[in-house]
Amino acid sequence: MAVAIALREDFNGPGLRQIAKQTKDAAQARRLLALAEIYDGGSRTDAARIGGVTLQSVRDWVLRFNKHGPEGLINGKAPGNRPKLNEDQRQALARMVESGPTPAIHGVVRWRRKDLARWLFEEFRIEVDETTVGRELRAMGFAKLSARPRHYAQNEVEMEAFKKTCPPHWRRSGPVCRMALR
């Protein structure tokens, strides 16, 4: 059987119980109470029962406590996956969105997320999903806008000639006209 890892000498059982009473983090308090049991001479099995975990978890808590103290027993945020696009690629994507597509080169008249994902693959050989492109664009401050559709055969001159240019028939009567009605 392996020798148990010793706890730090600068803490004791009552001190850990006091810290557990003051903390707002329930998980940290549970871990501190389990370690306080070990300081008071209890077995690691008893500490695992108090913490509601396995002996391996108690060992991990001891290592974290020895290295970082009571703050080491607070759950940290997981780092998550690394971003798919680096800063240079994000800037290139922003420049491409701001400049807009060239129909002869890109084959589209306006950017869609699907088109930008394809462009990223062709340019950087990075395969990203459409939702990832949308998330990156939103993070860079771009909003999803679409122009009002316009028929390709619309004639601006005829539209202006068709508009009504007559003034409206109703007008507000002046004070003289109101007097005449009485």
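The values are calculated or read from the model by the stated rules, or taken from the named source; none is laboratory data. What you are looking at is a predicted structure, and each value in this text was computed from that prediction instead of being measured. Positions of Cβ are backbone-derived with ideal geometry, glycine not excepted, and every protein chain shown enters the neighbour counts. To get the accessible areas, we keep the full protein, side chains included, count just its heavy atoms, and leave off ligands, DNA and RNA. Shrake-Rupley method; radii C 1.70, N 1.55, O 1.52, S 1.80 Å.
Observations, loosely collected:
- Filtered by the rule that a residue be aliphatic (A, V, I, L, M) and either more than 17 Å from ARG135 (Cα to Cα) or not in a helix (DSSP H, G or I) (or both), segment 85-102 gives a lone residue, LEU85.
- Members of segment 30-63 found to be part of a helix (DSSP H, G or I), open to solvent by 20 Å² or more (accessible area, probe 1.4 Å) and of a type in the set (A, V, I, L, M, F, W, C), listed by number: LEU33, ILE38, ILE50, LEU55, LEU63
- Just so you know, in segment 94-104 the residues that are modelled with pLDDT of 90 or more and surrounded by 10 or more Cβ atoms within 10 Å (Cβ to Cβ) include one that is farthest from ALA143 (Cα to Cα), and it is MET96.
- Qualifying residue in segment 17-27 (condition: outside any helix (DSSP H, G or I), farther than 30 Å from GLY134 by Cα and either open to solvent by less than 50 Å² (accessible area, probe 1.4 Å) or touching a residue at least 24 places away in the same chain (Cβ under 8 Å) (or both)): yes
- Annotation: of all residues in segment 105-120 being farther than 14 Å from LEU137 by Cβ, in a helix (DSSP H, G or I) and open to solvent by 80 Å² or more (accessible area, probe 1.4 Å), the one that is modelled with the highest pLDDT is ARG118.
- Long-range neighbours under 9 Å by Cβ, at least six apart or interchain, first residue among the small types (Gly, Ala, Ser) within segment 114-142, second assigned to a loop (DSSP other than H, G, I, E, B): ALA117/GLU127; ALA117/VAL128; ALA117/ASP129; GLY134/LYS144
- Inter-residue pairs, beta-carbon under 8 Å, first without any contact (Cβ under 8 Å) to a residue 60 or more places away in the chain and in segment 91-103, second of a type in the set (Lys, Arg), 6+ apart: GLY100/ARG110; PRO101/ARG110
- Out of CYS177, CYS166, sole residue that is modelled with pLDDT under 85, on the phi < 0 side of the Ramachandran plot and open to solvent by less than 80 Å² (accessible area, probe 1.4 Å): CYS177
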